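Enquirer: The structure is given below, and queries will be raised subsequently.
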Amino acid sequence: MTVTVTAEVAEFAADTSETVDKQRLWRGAEVLPGYRVLGPIHLGRQFEILDCWSLSRQARCVVKVLRPQAAALPFWREQLLLEGRLLVTLDHPHLVRGYEVRVTPRAGVVLETLGGATVGSTLLGGARPPSTMTLSGLTSRCR
């Protein structure tokens with residue numbers, strides 16, 4: 001698959017002056033119908049990734065939506081919808097499941113959320129896994 005980045009998209013991606021509309025992200029705001037914001041996870045240039053509560057599932061989920069200024073550019077909308085369609089169709093124990101893809105009123109992807117530590121927090125947490133020397137020493141003592 002070939003992705004063509006137009007000058008308009010490249011200019012938008014380079015713009016870092018935009019400020020976040022925090023009122024839109026307040027806890028309890030409905031980012032998509034049936035999904036209430038619990039808090040932001042990541043606010044990028046093109047996308048917002050939000051910790052949400054699903055009213056229909058009565059469970060936490062992650063919602064990825066286009067930033068308002070990115071919604072005007074078809075390139076980013078198509079990228080999000082493609083990602084969502086792929087995640088909804090994939091089924092693997094090491095991948096987060098995609099629950100649904102919303103096209104209107106706002107393009108978005110609803111994903112499952114998993115508890116526990118992230119890979120990044122585990123690596124940055126300072127706790128290093130035991131070395132093979134330590135493990136071999138433990139196994140020899142347990143015999």
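The values are calculated or read from the model by the stated rules, or taken from the named source; none is laboratory data. Bear in mind the structure is a predicted one, so any value in this text is a computation, not a measurement. Every residue, glycine as well, gets a Cβ built from its backbone with ideal geometry; the counts of neighbours run over all protein chains shown.
Enquirer: Which pairs do you get when a residue that is under 11 Å from V65 (Cα atoms), found in the stretch 79-106, comes within reach of a residue that is crowded, with 16+ Cβ neighbours inside 10 Å and aromatic (F, W, Y), reach meaning Cβ atoms under 8 angstrom, with the pair 6+ apart or on two chains?
Expert: Cβ pairs passing all conditions: L80/F47.
Enquirer: Could you list, in sequence order, all residues of the stretch 1-56 that are in a loop (DSSP other than H, G, I, E, B), in contact with a Pro (Cβ under 9 Å, 6 or more places away or on another chain) and modelled with pLDDT under 90?
Expert: V20, D21 - these are the residues of the stretch 1-56 that are in a loop (DSSP other than H, G, I, E, B), in contact with a Pro (Cβ under 9 Å, 6 or more places away or on another chain) and modelled with pLDDT under 90.
Enquirer: Out of V62, V110, V103, V96, report the one residue that is out of contact with any helix residue (DSSP H, G or I) (no Cβ under 6 Å at 6 or more places or on another chain), surrounded by fewer than 15 Cβ atoms within 10 Å (Cβ to Cβ) and under 22 Å from G39 (Cβ atoms).
Expert: On the way: V62 fails: surrounded by fewer than 15 Cβ atoms within 10 Å (Cβ to Cβ); V110 fails: surrounded by fewer than 15 Cβ atoms within 10 Å (Cβ to Cβ); V103 fails: under 22 Å from G39 (Cβ atoms).
Within the list V62, V110, V103, V96, the selection yields V96.
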